[in-house]
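Scroll down for the structure; my scribbles are underneath it.
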Amino acid sequence: MRRRSRLPATKRSARTTCCLRATARTASWCLRATDMIDASAPASLARRFAHAAAILTAAAVLLIAGVSFWLIDHQRAQANALLQEREVAFHATTVGHNLEAVVTRLHEVGASPILATALVDSAGKETYLTPFLHGLRQMNGIPLRLLFTDFEGKEIADNGVPGFTDADMAWLRARLENGDDRATLQTGPDGGELLGVVLLRYQRTRTPEGALVYKVRLADLKPTSWAVLAPAPVGRKAAVPHEIAAPVPLPPRLAHVGLVLREDERRLPLPLETSGPQYLLILVVACLLALVVFILAARLAHGLTRDLRRLETFSASLGDDIGTQRAPLEGSREVVSLARALNRMLDRLYEQRARLEEERRKFLQLANNIPQLVWMADPEGNIVWFNDRWHEFTGSPPGSAGAAEWHRYHDPEVLPQVMRRWKEALASGNMAQMTFPLRGADGRYRSFFTSVAPLRDEAGQIVQWFGTCTDVTPLERAERAVRYSEERLQQGLVAARMAVWERDPHSGQVSFSANLHSVFGKSWHNIAELQKLVHPDDRQPLRDTVEQAIRAGGEYRATPRVRRADDGRLAWIDMRGRLGLGADGRSTVVHVVAIDITERKRAEEALQLADRRKDEFLAMLAHELRNPLAPISSAADMLRLAYAGEPRVKQISDIIARQVAHMRHIVNDLLDVSRVTRGLVAVARQPIDLRRVVAEAAEQVRPLVDARRHRLDVALGEAPVMVDGDHTRLVQVVANLLTNAAKYTPEGGHIEVELEAADGQAFLAVRDSGNGIGPDLLPVVFDLFTQASRTLDRAQGGLGLGLALVRKLVELHGGQVDAASAGPGRGSTFTVTLPLLDVKPGSEPVFEKLPETGV
């Protein structure tokens, strides 16, 4: 319950007391005058009038008492219902505040550098990440399940509380893919659950790099055991007897969820119990009062002066507390007139008091609900009142005030300065502002911005001082964090040799980062100075690229050469710009990032030079190796002919001949690769049928396939597959793929060749049941000198040139080649895609079947 605070008495209350006392004196004077005037009034008439007035008064008192009993009981019932509704609303507000605290804390955890570090430092998981998450098992007394994942939804760490299902992880991956961080309500094993996610986004990427998933049971949020927390119904729901429902005020991040708290009013305690003894006491008092009035009225037979005496007694009984009591309008005309005047005065005083009480209530409600600490002091500077926020923050008992209470919570080192400023404000009578720390109930100091203003009366005299203390600790922390972030950003920009700026395309106004000189050699203030530093050959293309991006409202990227202003060196700058909103959220600006890539350019040039030298070396090596092969082959033939009768010599000559053929094949591959990479291969294009190309290639590799006891199945179809290409080179492509499949398939394997045409493309697929390709080798399988691991007998052989030559020759024909494999030991598939040649019906060449190849 909210505690009432005491306020100083106002001057209006003092004036009310004076008016009541003056009314009592007036009634006394009128009573004495009536005694003098009506001394000779007939006693019988006065007695009858007194008896009738006494009876009517007693009846009125009893009737008023009965009606009052009924009204009080009725108002008590209404008050109980209203208080129960407010209690349920308070419970709903408590749930909303708990959810807001949990969501706010989780977003603070999501922004923590600990999680950002954990995304790139998996080794520190047990050192700092796990203890950090284990400390988040509860928030505001609410059990919490946390799971920290990467951008693919894979678990990194949790807070030690299990409970995430496969459906939860699927939901998380969907949220990561869509970049959606909205929470949802679901039904779990233990009832309703709130499942939410905090997506971790950082400046270096646009997509989430990780996620912090949390789950809260709705049962853990219930303020009472009989409460029901459920989603808000769609449409209007029929009222349930004895049920009180209140919407839960959710934070903005959960506003779309919609929760309603329902409680059974029969289980809620009644704030106002039936006060039977008090009613009986009131009834007894009413009866006694009626008896007293009757006796007094009977004694009025002595004269009408008793009316004035009763009126005097009534006025004297009012005191300082002005209620609904009014003087009875009975007796002589003078008494009635006087009573009416008194009642009018009481009505005006009661209305004034009600207005003052209403203003006081509004002031207390305002002062106790604002987040600031509010206090008041008398004209001499003595603190006389604190609001509830002060007592909640300091932990002091309600109603405590004074200088000792004020000094107790100040920092002793800062208190002299505060008192000096406070005394200066008292002396000058002007408004004062200052910032100083105050100690809270937890013993820690927080910084408060304090503003003090005087309240003056009509004469200009200070009646009291009114002060507020606003907690600025979060603001100071945020300012420090911003400064630290800006320093880190500047360090990162300098380390990365990067500069950023924004330019308004309409006004030309430009704002640059502080490290501009590290990239351009100087800090300039407008785009014209940058244009002067750009190489003359790149100046106009850069201007055209930027203007086109601005007109299209998109992005641009340019790599101009810039002459540094400090040492005159020529630097390559990678500039990337994008049209977006300015800092005010309304204007359009161009965001530009400039990166010095001079070192990268030099490295690229060095790599290109090394690649050219490698191609030249391969060509020279192939020619040098090719020269001695002819004499060696001739010598082997001569040995075989000269010693045809010598089995040992024939065996040796056959070995030499096979190895010479193998060397000639390797040298030819080296020459082909060298020519292709240097652009020296000319493709003699002509209309050819890929079916014959596949048949000839299969015929070439048939000895190798038979030697390794493979089963070769070739499916070519009935219709010709015409392409525009070099017949010899395409046969070489298919033969290399078949040779590769035969080499890397264990003996007795299965090789399939399938040719089909669709959507203007010819698709040639070579599948095998061989060793397969590992995921580490698959991206580079078409690079030069790339091979899988060899067997101990080096049965596969080769230099890794065949697939590289395949890709080069296919690209020369305007096609592409792809490799796929389910993994080691599960075979592989190579697919060649070539554009089809438009051929008129009836002009296709005749294709003969080759039975010996199985085609």
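All of the numbers you see were taken from the coordinates with simple rules; none came from a lab. Here the structure is a predicted model, which is why all the values come from computation and not from measurement. Backbone-built Cβ (ideal geometry, glycine too); neighbour counts: all protein chains shown.
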Checklist outcome for this item: Cβ density ranking, 10 Å radius, fewest first, applied to V284, V590 yields V284, V590
Checklist outcome for this item: In vacuo Debye sum over C-alpha of the stretch 159-230, base-10 log of normalised intensity I(q)/I(0) at q = 0.12, 0.13, 0.15, 0.26 Å⁻¹, listed in q order, is -0.39, -0.45, -0.57, -1.20
Item to check | Nonlocal amide H pairs with V248, under 5 Å, H built at 1.01 Å | outcome: L259, V260, L261
Item to check | Computed FRET value (nearest 0.05) for A441 with T117, which takes r as the C-beta separation and R₀ as 41 Å | outcome: 0.75
Checklist outcome for this item: The exposure ranking of L803, L289, fewest beta-carbon neighbours within 10 Å first, is L289, L803
Next on the checklist: Run the numbers for E351 and S317: contour at 0.36 nm per residue of separation, minus the present Cα-Cα distance, in nm.
Outcome noted: 10.3 nm
Item to check | Karplus 3J(HN,Hα) series, Hz, for the stretch 595-602 with 6.51 cos²θ - 1.76 cosθ + 1.60 (x for Gly, Pro) | outcome: 10, 7, 10, 4, 4, 5, 4, 5
Item to check | Phi to ³J(HN,Hα) by Karplus 6.51 cos²θ - 1.76 cosθ + 1.60 over the stretch 139-145, Hz, x for Gly, Pro | outcome: 9, 6, x, 9, x, 9, 10
Checklist entry - Suppose R0 equals 45 Å; then what is the FRET efficiency for E265 and L63 from their Cβ-Cβ distance, rounded to the nearest 0.05? => result 0.85
Item to check | Dipole of the stretch 79-267, positive end: most advanced residue of A116, H134, L259 [Cβ charges, Cα centre] | outcome: L259
Checklist entry - Using modelled backbone amide H atoms (1.01 Å from N, in-plane), which distant-in-sequence or interchain residues come within less than 5 Å of R145's amide H? => result K215
Item to check | Local electrostatic count, L415, Cβ distance below 12 Å [Lys/Arg +1, Asp/Glu -1] | outcome: +2
Item to check | Net charge over other residues, Cβ less than 9 angstrom from the Cβ of A367 (K, R count +1; D, E count -1) | outcome: 0
Item to check | Length gained when the stretch F90-N178 is fully extended (0.36 nm per residue, less Cα-Cα span) | outcome: 28.0 nm
Checklist entry - What net charge do the residues around G440 carry, taking every other residue with its C-beta under 11 Å from that of G440, with Lys and Arg at +1 and Asp and Glu at -1? => result 0
Checklist outcome for this item: Cβ density ranking, 10 Å radius, fewest first, applied to Y128, Y445, Y409 yields Y128, Y445, Y409
